[in-house]
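Reading through the structure tokens given below for one structure.
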Amino acid sequence: MLQLPIYLDNNATTPMDPRVLDTMLPFFTKHFGNAASSTHKFGWEAEAAVEYAREQVATLIGAEPKEIVFTSGATESDNLALNGIFEAYAAKGNHIITVTTEHKAVIDTCKHLEKKGAEITFLDVKADGLIDIMELEDAIRPDTILICIMYANNETGVIQSIREIGDIAKKHGVLFFSDATQAVGKISVKVLEDGIDVLAMSAHKIYGPKGVGALYVRRKNPRVKIIAQIDGGGHERGMRSGTLNVPGIVGFGKACELCSVEMSKDAERLSVLRNRLENELSSLKGVAVNGNIKRRIPNTSNISFVDINSAGLIVSLSKNIALSSGSACTSATHSPSFVLKALGLSDEMALSSLRFGLGRFTTDEEIDYTISQVRDSVLELRALVAES
Ligand SMILES: *Cc1c(COP(=O)(O)O)cnc(C)c1O
């Protein structure tokens, strides 16, 4: 039986996998210790669990456990990377290169750094959402300390040419930081092969709990320096103080392990469902899929429907299907998505777009139902427009 409403906003957050919850529960009650308590069993147990999770997280991205710093989520990881590198590399320069379609956690942090004396180059993207690699290389200066480019976009799912970017960063001796929150756990992300020096990720986008994330900080070739932004006890090798969220971290580790095992199978299944959704909806006239369709994470589809206001469409569907027009952070305002505008969409087309974010628990049946509901709603709304 179909359970309504159907959840298709997995880029905003994912339901926690029950297997993750099971792993976490004992750490709220029985194993409640502080991982920094080194004088008794309660502390040792908690510490061992955290270190096990650190291995699970590191394994998913091909890193060493020592290179993982636990944080409260990708927003904090983005802040720590940008602010921490800006402070640590002040002697080399103050120039950072990033992209207009980054997540707000990056954009707003860069704007904050501008006020503190940073020079930020915001690269544009092409109509398919990808950056121009030549433009990136041209933007590098002697005082460039960091290239900050997300792995996969949260609104369109478009995957940047990460390895090429990594090569260019290496060639010019500039650090490469990637917010990989939407890529990790969906596609293979490997920090060594990808040439990533610093990487942000979050548990609640990969069927783990909210309020936990990590920053990968490379320890050799090169060893990256980061100045802590939260002081107080020197936890996480001095990069992020504060008592560790042990249950959250344990859940994050389990979520990563599940992705390591199940990711490729999930990806195959979800891309089939996503493509079916797109193909079926494309049979309506005036439908455009946004972003490079060949270079996307498998769960995401961003579609514009000509003559439709997506806010109205979302409301008319909302009883049965949970959808958004893009970032959860901007959905309250319903101004046109800055990501879609950067791809060159008009305000009107940007305001007519829906983001479908499929996930591990999305079924065939749910997609069939979604296709018919969206189709009916679009036709209905268009008929109203035609009448008026
Ligand atoms: C969700 C998301 C974030 C924010 O992550 P939180 O853990 O919710 O702070 C940052 N970047 C991207 C690309 C995201 O999708």
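The values are calculated or read from the model by the stated rules, or taken from the named source; none is laboratory data. Source: prediction; values computed, not measured. Cβ: placed from backbone, ideal geometry, glycine included. Neighbour counts: every protein chain shown. Remember, those area values only see protein heavy atoms, side chains included, never the ligands or the DNA or RNA. Shrake-Rupley method; radii C 1.70, N 1.55, O 1.52, S 1.80 Å.
Brief remarks follow.
- Reference-scaled alpha-carbon Rg (2.2 N^0.38 Å with N residues) for region 265-388: 1.01
- Accessible area (Å², 1.4 Å probe, nearest 10) - Phe361: 90 Å²
- Within-11-Å neighbourhood charge of Arg163 [Cβ basis; K, R +1; D, E -1]: -2
- On a per residue basis, the convex hull of the C-alpha atoms belonging to region 210-278 measures out at 161 Å³.
- Rg over Rh for region 1-110 works out to 1.07, using Cα positions for both radii and the Kirkwood form for Rh.
- Three-way shape call for region 243-333 based on the alpha-carbon gyration tensor, with the a/c threshold at 1.5: oblate
- Scaling the Cα radius of gyration of region 153-277 by the globular reference 2.2 N^0.38 Å produces a ratio of 1.18.
- Paramagnetic label reach from Glu119 (point 7 Å along Cα→Cβ; backbone nitrogen cut-off under 17 Å): within region 54-96, residues 86-87, 89-96.
- The solvent-accessible area of Glu365, taken with every protein chain present and a 1.4 Å probe, is close to 100 Å².
- Entries of Lys170/Lys294; Lys126/Lys254; Lys104/Lys186; Lys92/Lys294; Lys205/Lys294; Lys116/Lys254 with Cα pairs more than 30 Å apart: Lys126/Lys254; Lys92/Lys294; Lys116/Lys254
- Distance distribution P(r), region 95-231, all Cα-Cα pairs, bin width 10 angstrom from 0: 11, 44, 37, 7, 0 percent.
- Separation of alpha-carbon centers, region 1-62 and region 166-225, rounded to whole Å: 20 Å
- Thr109 sits with roughly 10 Å² accessible to a 1.4 Å probe, with DNA, RNA and ligands left out of the calculation.
- For the chain, the alpha-carbon radius of gyration amounts to 1.01 times the rule-of-thumb value 2.2 N^0.38 Å expected for a compact globular protein.
- The length gained by stretching the chain between Tyr369 and Lys126 to full extension, at 0.36 nm per residue less their Cα-Cα distance, is 84.1 nm.
- Protection proxy ranking, highest mean first, for peptides 195-203, 257-265: 195-203, 257-265, where packing is the per-residue count of other beta-carbon atoms within 10 Å, averaged.
- Extension gain, Tyr52 to Thr100, is 13.6 nm, computed as 0.36 nm per intervening residue step minus the present C-alpha separation.
- Shape of region 175-247, Cα gyration tensor, a/c cut at 1.5: oblate
- In this structure the chain gives 42 Å² per residue of accessible area when probed at 1.4 Å with all protein chains present.
- Ordered from highest to lowest accessible area with the whole protein assembly present and a 1.4 Å probe, Arg237, Arg355 read as Arg237, Arg355.
- Spin-label model distance (nm) - Arg141 vs Leu21, 7 Å beyond Cα toward Cβ: 5.2 nm
- Accessible surface of the chain [probe 1.4 Å, protein heavy atoms]: carbon and sulfur percent: 56 percent
- Cα-projected label distance for Ala386 with Arg163, points at 7 Å along beta-carbon direction, nm: 4.9 nm
- Here's the picture: a label point sits 7 Å out from the Cα of Phe42 along the beta-carbon direction, and within region 242-268 the residues with their amide nitrogen under 20 Å of it are 242-250.
- Region 16-70 - Debye-derived log10 I(q)/I(0), Cα point model, q = 0.22 Å⁻¹: -0.91
- Heavy-atom accessible area order for His112, His235, largest first, 1.4 Å probe: His112, His235
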